[in-house]
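Some notes on the structure that comes next.
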């Protein structure tokens, strides 16, 4: 029995990861790119935008235009100020969604989850779709069951527009759900510049997350655990290629149709 390819709409086709995804989707026998979105590349062929030559897929300026093409999954690698709208629009039009864009809050995902469950569709979102970043999260969540004091530091390039990174925000919010009560002095009891303690993210026990932005970093994230006379650091460093994110994103696109509602993290579909 022959299975039909997964039909994909790619939003953010002109971005760093988006360009790499065009090439990877085009080369995959079980996936097909049916539409693409990018305001600054509208009217161009997606293959030309990605540097692989024409593939017969014209880039649209809006998600609404792209969704006129029959499709199964919307992959979004755009910007924080539009990804929520894209996800809600795609769900309303009966598509599953894969979100690689960072910047969404837990409250944003709660709203998207309501829409996904109402539509009977799946949303798979990750601050980082690389396999090794997924392992960072898995190992950190396990460590948090045993070591109460934990903080997160995320590093990115000087021009990254959102803080913290999607990787850092997701890690902080998830650690907050499983961690034990720490021993650090509460921020509200501190003097001086309290902002230097970072942002408190997640519930029920928030995690302090700190962001560093400077040249030479692509994306790094570390969870620091402290106990009396010992310390554990679990860290992920990304290289200069988009390849690690592409493999995880395509896995998500293949698996998201088996979900209903929002799942955060690639580990939900890892076997």
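Against the longest alpha carbon principal axis of the chain, how many degrees, from 0 to 90 and to the nearest 10, is the axis of helix 80-92 turned?
The two axes meet at around 60 degrees.
Note the listed values (i) 60, 40, 31; (ii) 61, 45, 41; (iii) 58, 40, 36, then indicate which one is Cα extents along the principal axes in Å calculated from this particular structure.
Answer label, from the structure shown: (i).
Among the DSSP beta bridges whose two residues both lie in the range 131-237, what percent are antiparallel, rounded to the nearest 5?
75 percent
Highest first, please rank the peptides 13-20, 114-121 by the mean number of other Cβ atoms sitting within 10 Å of their residues.
Most protected by this proxy first, the peptides run 13-20, 114-121.
Measure nothing fancy, just the Cα-based angle from helix 106-119's long axis to the longest principal axis of the chain, in degrees from 0 to 90, nearest 10.
The two axes meet at around 40 degrees.
Largest first and in whole Å, what are the equivalent-ellipsoid semi-axes of the range 131-237 based on the Cα gyration tensor, each being the root of 5 times an eigenvalue?
They are 21, 18, 12 Å, listed largest first.
Could you tell me how many degrees, from 0 to 90 and to the nearest 10, lie between the Cα long axis of helix 243-255 and the main elongation axis, the longest principal axis, of the Cα atoms of the chain?
That works out to roughly 70 degrees.
None of the figures in this text is laboratory data; all of them are computed from the coordinates on show. Keep in mind that what you see is a predicted model, and the values were worked out from it rather than measured. So basically every Cβ, Gly included, is an ideal-geometry build from the backbone, and we count neighbours across all protein chains shown.
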